[in-house]
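Have a look at the structure below, then the notes.
The values are calculated or read from the model by the stated rules, or taken from the named source; none is laboratory data. Note that the structure is predicted; figures quoted are calculated from it, not measured. We place every Cβ from the backbone using ideal geometry, glycine too, and count neighbours over all the protein chains shown.
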Amino acid sequence: MPATATAPEVALSYPAVVAAGEVVAARLAPTPLVAHPLLDRVLAGTVDRPVLVKHEHVLPTGSFKVRGGIHLAARLSDEERERGLVTCSTGNHAQSVAYAAQLAGSHATIVMPECAPAVKREAVAALGATVVVEGAGLGDAAAHARSLAQGAGGPSYVDTTDPRIILGHATLYLELFREAPDLAAVYVPIGSGTGAVGACLVRDEIAPDCRVVGVQSTAAPAVWRSWRSGEIQHAPSSTRASGLATTNGYPNTLPVLRDRLDDFVLVTDDQIDAAARLLATHAHTLAEGAGAAALAGLLAHPSRLAGGPVGVPCTGGNASAEEIARLAG
């Protein structure tokens, strides 16, 4: 038996996204795409068009990343299913892989850094996964997770940018652009960049005139630096938004981001908190930091292009107690 289980090769393409959409749609209803007049009113003067919020926080794990888990579960090899899965995450990817293992009748071990919110650790354990806390940041957790996958019979490592995960995440944007093909722009929060890759794959086919704008925290700029330079960059992360707390660029996502992303902006954690307050008070939506990052990017760097509305995905609602406390401002 090989030292590590081999994942099936999967190409990133629009037809593959459509096929993933069929898998995901068999388990999940489309999430709401909603205009919030009160939010539009408070944004008037800053944003010159209606804002449509894609409410991904209503999904079973509270995040769009469950889409990746559902697609992963359907595409696991027999060997992967038998050996089990291991991955690293600050929370939402962790829950998606735990969910995938549960669907597939397998087992998942999730390595989470010390900075991962306790509520997310508990959510992963509740899905039947084994939680291992290791390292101060995501880089340390990733190294430990990969070490667990070594050796005969060890679990199969699931990278956060596994193509099967990316295609599952892309189904968010398949729903979005099918319902609103006239979008002038969509702002996408970026941790590893899987969501933004999915947005570009679908945009290019359904809404080629729509701008896709990535958003990352100034306190975790590794992927932004990689995008600007064209080479994998490393940078420390101190962001309060755990879903954005990446410390390096990713080889599986960087080429697509460099080729197809229209813009990539940075916002501060305070701007993310302000956007989360707006979502709570003006869109009836509890968003975690990463889930509010798209709106923060729009507010800090509004698009002035002629055309239709702007799409803002609320990618997750797994707010920690500290995030909820900050809503009071």
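Just one residue in the set 325, 280, 300, 319 is free of Cβ contacts under 8 Å to residues at least 40 places away in the same chain and out of contact with any strand residue (DSSP E or B) (no Cβ under 7 Å at 6 or more places or on another chain); that residue is 325. Kindly establish whether residue 67 is within 18 Å of the chain's Cα centre (by Cα) and either at pLDDT below 95 or not in a loop (DSSP other than H, G, I, E, B) (or both). For residue 67, the condition - within 18 Å of the chain's Cα centre (by Cα) and either at pLDDT below 95 or not in a loop (DSSP other than H, G, I, E, B) (or both) - is met.
Before we move on, is residue 235 over 15 Å from residue 259 (Cα atoms), surrounded by fewer than 18 Cβ atoms within 10 Å (Cβ to Cβ) and in contact with a helix residue (DSSP H, G or I) (Cβ under 8 Å, 6 or more places away or on another chain)? In short, yes. Any chance the stretch 257-275 includes a residue that's under 18 Å from residue 50 (Cβ atoms) and in contact (Cβ under 8 Å) with a residue 60 or more places away in the chain? Within the stretch 257-275, none of the residues are under 18 Å from residue 50 (Cβ atoms) and in contact (Cβ under 8 Å) with a residue 60 or more places away in the chain.
So that you can scan it fast, the table gives a plain yes or no per residue for (1) modelled with pLDDT under 95; (2) touching a Lys or Arg at 6+ places or on another chain (Cβ under 8 Å):
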{"site": "188", "(1), (2)": "no, no"}
{"site": "213", "(1), (2)": "no, no"}
{"site": "218", "(1), (2)": "no, no"}
{"site": "222", "(1), (2)": "no, no"}
{"site": "225", "(1), (2)": "no, no"}
{"site": "235", "(1), (2)": "no, yes"}
{"site": "246", "(1), (2)": "yes, no"}
{"site": "253", "(1), (2)": "no, no"}
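Out of all the residues in the stretch 284-318, which are under 24 Å from residue 119 (Cα atoms), surrounded by fewer than 24 Cβ atoms within 10 Å (Cβ to Cβ) and of a type in the set (Gly, Ala, Ser)? Across the stretch 284-318, the qualifying residue is only 317. Does any residue of the stretch 265-283 turn out to be of a type outside the set (A, V, I, L, M), more than 28 Å from residue 60 (Cα to Cα) and crowded, with 18+ Cβ neighbours inside 10 Å? No; the residues of the stretch 265-283 include none that is of a type outside the set (A, V, I, L, M), more than 28 Å from residue 60 (Cα to Cα) and crowded, with 18+ Cβ neighbours inside 10 Å.
Do the conditions hold for residue 95, that is, is it closer than 30 Å to residue 219 by Cβ and either of a type outside the set (Asp, Glu) or in the same structural domain as residue 219 (by TED's automatic domain parsing) (or both)? Answer is yes for this residue.
Selection of the stretch 191-207 for residues being over 12 Å from residue 263 (Cα atoms) and either under 16 Å from the mean Cα position of the chain (by Cα) or without any contact (Cβ under 8 Å) to a residue 12 or more places away in the chain (or both) yields 191, 192, 193, 194, 195, 197, 198, 199, 201, 202. So for the stretch 228-237 (the condition being free of Cβ contacts under 8 Å to residues at least 60 places away in the same chain, of a type in the set (A, V, I, L, M) and within 28 Å of residue 286 (Cβ to Cβ)), does at least one residue qualify? Checked against the condition, which is being free of Cβ contacts under 8 Å to residues at least 60 places away in the same chain, of a type in the set (A, V, I, L, M) and within 28 Å of residue 286 (Cβ to Cβ), the stretch 228-237 yields no hits at all.
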